[in-house]
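Asks: Quick one: the structure is below, and I'll ask about it shortly.
The values are calculated or read from the model by the stated rules, or taken from the named source; none is laboratory data. A quick note: this is a predicted structure, and the numbers were derived from the prediction, not measured. Note that each Cβ is placed from the backbone with ideal geometry, even for glycine, and that neighbours are counted across all protein chains shown. Ligands, DNA and RNA are stripped out before the accessible areas are found, and what is left, the full protein with its side chains, is counted by its heavy atoms. Shrake-Rupley method; radii C 1.70, N 1.55, O 1.52, S 1.80 Å.
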Amino acid sequence: MLGKHTLIALGLGVALGTLSFSTAAAGQDDSSVVAEIAGRKVTVGELEQKQAGKLLQAKYKYYMTERDALEQFIEDQLLELQAKKENVTVEELLKRHVSVKVLEPTEDQLRFYFEGVQTEESYESARPHIIETVHQLRTKKAQDAYIASLRADYAVVVELSQPSAKVEVANAPRLGSEKAPVQVIEFADYECPYCQKVSHDLLKLREQFGDQVSLVYKDFPLPMHPLAAKAAEAARCAGEQGKFWEFHDALFESKRLQRSDLKEQAAALKLEATKFDQCLDSGAQTSVVKKDTQEGQRLGLAGTPSFFINGHFMSGAVGYVKLRETVMEELSSIDLAKKQSTAMVTSKDKDKDEKK
């Protein structure tokens, strides 16, 4: 997403309203001066480059809070707009479009739910609480679906920029073209269960978007995972023989990371054994993995997986839905920028023709 402000267009055919929220960095681009030391001006760009580790995580926490607040604001606005359109209160609107769609659970469903709950209560005692819980879950699901339909009807557009940072990718393993419009950089740890899970989501992303997305892998073995660093070196050793991604996928799939396991997987991929073993045992790739780790530390990364999608930072157990949504937003932003650029060129050409 390219903007630095949040713009929400709510409209039926035409925009009904435009609402703006300034971000913390509003009005300050990279060249803005934030301090002066002995006559030398310090810019936003320099500050963010030199103190990225301190700023990125703080910005991300603020972004997550701002995003949650924005989503709630959008939901409230949509309900008010639709209630006004139907000439009812918001409460009546929800009853009309949500409550009526929430079915009461059957006795079999209640008993099935009870069997999956660890409790010493009898079914009869727990039954009222189960009914309430199931009803709340179904109401939430029905309301989310209704809000999603309103977002489409009112053409909601959100341009809340995620915090971003520059990441060095020159020598990093890449799957896809350097010219792909969306670049997904992942800092990961082979021993991290969330990284193991998201590896399938990233491959699915490539399958869906093809040449529009490229994946870049950066090593960030965490201190609490004793096998991760050597596994990272092994993947780099496999990369020397042109099979980094095959080895990378095998590690996340098998979850076997002992040194003997690494050599067995190299043999399964038909890597030249002597060359691989010498690379792994000598620590030839230690400095390469360490360089990635140091960059992650400079950026202030606290865990894995951590992503930079066209520079925009995302952290934690990010699933396929969120990854796909972010990629689609990036592609939409790029497409919009191209259309705006074309419109500006067309407008300039038209002005020139009129002057003639």
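Asks: Which one is nearest to residue 50 (Cα to Cα) among residues in the stretch 170-204 that are in a loop (DSSP other than H, G, I, E, B) and open to solvent by 30 Å² or more (accessible area, probe 1.4 Å)?
Replies: Here the answer is 170.
Asks: Filter the stretch 237-255 down to the residues that are under 17 Å from residue 272 (Cβ atoms), without any contact (Cβ under 8 Å) to a residue 60 or more places away in the chain, open to solvent by 10 Å² or more (accessible area, probe 1.4 Å) and in a helix (DSSP H, G or I) and list them by number.
Replies: 240, 246, 250
Asks: Going through the stretch 260-282 one residue at a time, which ones are open to solvent by 20 Å² or more (accessible area, probe 1.4 Å) and either modelled with pLDDT under 95 or of a type outside the set (S, T, N, Q) (or both)?
Replies: Residues satisfying the conditions are 261, 263, 264, 267, 268, 269, 270, 272, 273, 275, 277, 281.
Asks: Could you say which residue among 55, 19, 10 is at pLDDT below 85 and either exposed (fewer than 15 other Cβ atoms within 10 Å of the Cβ) or at positive phi (or both)?
Replies: 19
Asks: What pairs come out if I take residues in the stretch 332-348 that are surrounded by 10 or more Cβ atoms within 10 Å (Cβ to Cβ) and pair them with residues that are modelled with pLDDT under 65 and not in a helix (DSSP H, G or I) whose C-beta lies under 6 Å away, six or more apart or interchain?
Replies: 333/1; 333/2
Asks: Can you list residue pairs whose Cβ atoms sit under 8 Å apart, with the first residue in the stretch 170-188 being over 18 Å from residue 235 (Cβ atoms) and the second being part of a loop (DSSP other than H, G, I, E, B)? Count only pairs 6 or more apart in sequence or on different chains.
Replies: 182/310; 183/169; 183/310
Asks: Return the pairs, sorted by first residue and then second, in which the second residue is among the hydroxyl-bearing types (Ser, Thr, Tyr) and open to solvent by 20 Å² or more (accessible area, probe 1.4 Å), the first residue lies in the stretch 288-306 and is without any contact (Cβ under 8 Å) to a residue 24 or more places away in the chain, the beta carbons are less than 7 Å apart, and the residues are 6+ apart or on different chains.
Replies: Listed pairs, sorted by first residue: none to list.
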